[in-house]
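Encoded as structure tokens, the structure appears first; notes follow it.
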Amino acid sequence: MKVNFFVTCICDTVKSEVAKKTVLLLEELGCEILFPKKQGCCGQPSLNSGYIEQSKPAMKNLIEAFEGNDYPIVTPAGSCAAAIKKYPEYLADEPQWAARAQNVADRLYELTQFIVNQLGVTNVGARLKGRAVYHPSCSLIRKLGVREEPLALLAAVEGLEMVPIKNQETCCGFGGTFSVKMAEISGEMVKEKVQHISEVEPDFLIGADSSCLINIGGRVSREGKPVKVMHIVDVLLSR
């Protein structure tokens with residue numbers, strides 16, 4: 001199966017290993033990866049701040065980038081996927097662009113969503129020994145409705161024990177520009193999240209959104225907690 005890869009800004013600039021491993025994993029699962037070079041930022045930071053009109057050039061550029069074929073588009077970031085899914089709404093006053101945006105949005109999948117629902121795979125042959133906590137990001141569970149897919153993939157990892165925590169689905173406090181504009185509140189939210197994680201003494205914290213993992217991982221590091229923070233693709237490629 002041919003698949004378009006949407007890399008996202010965070011993977012491009014900060015978490016390149018997540019991008020590389022996403023490509024490797026999809027290739028292991030039989031996908032041929034295409035990378036439209038025109039792709040850029042989806043506009044999420046400015047969209048979340050309310051700058052809809054100013055974000056339209058970025059939105060239209062991304063739409064054009066993925067119109068070269070009709071293959072699925074896969075990304076390892078739920079927040080970016082959720083932003084693109086709303087393009088038709090943002091472009092509603094330009095019907096032609098809204099229709100083009102809908103075509104792109106309909107072909108877009110978050111990584112775990114694609115593996116489980118489109119490829120029909122839950123066991124990728126991964127092995128990782130230890131106890132782990134999974135953080136379900138707000139973008140995945142609230143905006144995309146992707147709740148069970150990551151859990152199904154993690155449940156099949158040989159040697160990995162998944163442990164629940166208190167208020168598991170509570171926001172970590174990142175929220176994009178929220179963490180900048182409301183830094184004090186954001187700080188207290190991630191502090192509470194790390195407290196709940198620490199209570200079960202896991203070896204790993206796993207998530208499917210790099211932005212949340214950067215936020216939680218930063219707090220874990222500052223508190224000196226012996227917890228390894230991993231994107232789910234790191235886990236799925238463990239052998």
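Worth pointing out:
- In the range 85-120, the qualifying residues are those that are under 20 Å from Gly50 (Cα atoms) and among the charged types (D, E, K, R), and the one that is nearest to the chain's Cα centre (by Cα) is Lys85.
- Counted residues, the range 117-136 - those being touching a strand residue (DSSP E or B) at 6+ places or on another chain (Cβ under 6 Å) and part of a loop (DSSP other than H, G, I, E, B): 0
- Any chance Ala105 is among the small types (Gly, Ala, Ser), touching a residue at least 12 places away in the same chain (Cβ under 8 Å), outside the structural domain of Cys212 (by the TED database) and on the phi < 0 side of the Ramachandran plot: yes
- Qualifying residue in the range 118-126 (condition: of a type in the set (Gly, Ala, Ser) and either open to solvent by 20 Å² or more (accessible area, probe 1.4 Å) or free of Cβ contacts under 8 Å to residues at least 12 places away in the same chain (or both)): yes
- Candidates Pro36, Pro76, filtered to the one that is open to solvent by less than 30 Å² (accessible area, probe 1.4 Å) and touching a Ser or Thr at 6+ places or on another chain (Cβ under 8 Å): Pro76
- The criterion of being within 25 Å of Cys212 (Cα to Cα) and open to solvent by 10 Å² or more (accessible area, probe 1.4 Å) does not hold for Lys60.
- Checking Asp70 against (1) free of Cβ contacts under 8 Å to residues at least 60 places away in the same chain; (2) assigned to a helix (DSSP H, G or I), the condition it does not meet: (2)
- The lone criterion from (1) modelled with pLDDT of 95 or more; (2) farther than 19 Å from Thr8 by Cβ left unmet by Lys181 is number (1).
- Scope the range 143-171; condition in contact (Cβ under 8 Å) with a residue 40 or more places away in the chain, within 14 Å of the chain's Cα centre (by Cα) and open to solvent by less than 50 Å² (accessible area, probe 1.4 Å); matching residues: Leu144, Val146, Pro150
- When we screen Asn4, Asn48, Asn69 for residues that are open to solvent by 30 Å² or more (accessible area, probe 1.4 Å), modelled with pLDDT of 95 or more and over 13 Å from the mean Cα position of the chain (by Cα), the only hit is Asn69.
- With respect to the conditions (1) in contact with a Pro (Cβ under 9 Å, 6 or more places away or on another chain); (2) open to solvent by less than 60 Å² (accessible area, probe 1.4 Å), Asp203 lacks only one, and its number is (2).
The values are calculated or read from the model by the stated rules, or taken from the named source; none is laboratory data. On a predicted model such as this, the values are computed, not experimentally measured, just so you know. Cβ atoms come from the backbone with ideal geometry, glycine included; neighbour counts cover every protein chain shown. When the accessible area is computed, the model is the full protein with side chains, heavy atoms only, and any ligands, DNA or RNA have been set aside. Shrake-Rupley method; radii C 1.70, N 1.55, O 1.52, S 1.80 Å.
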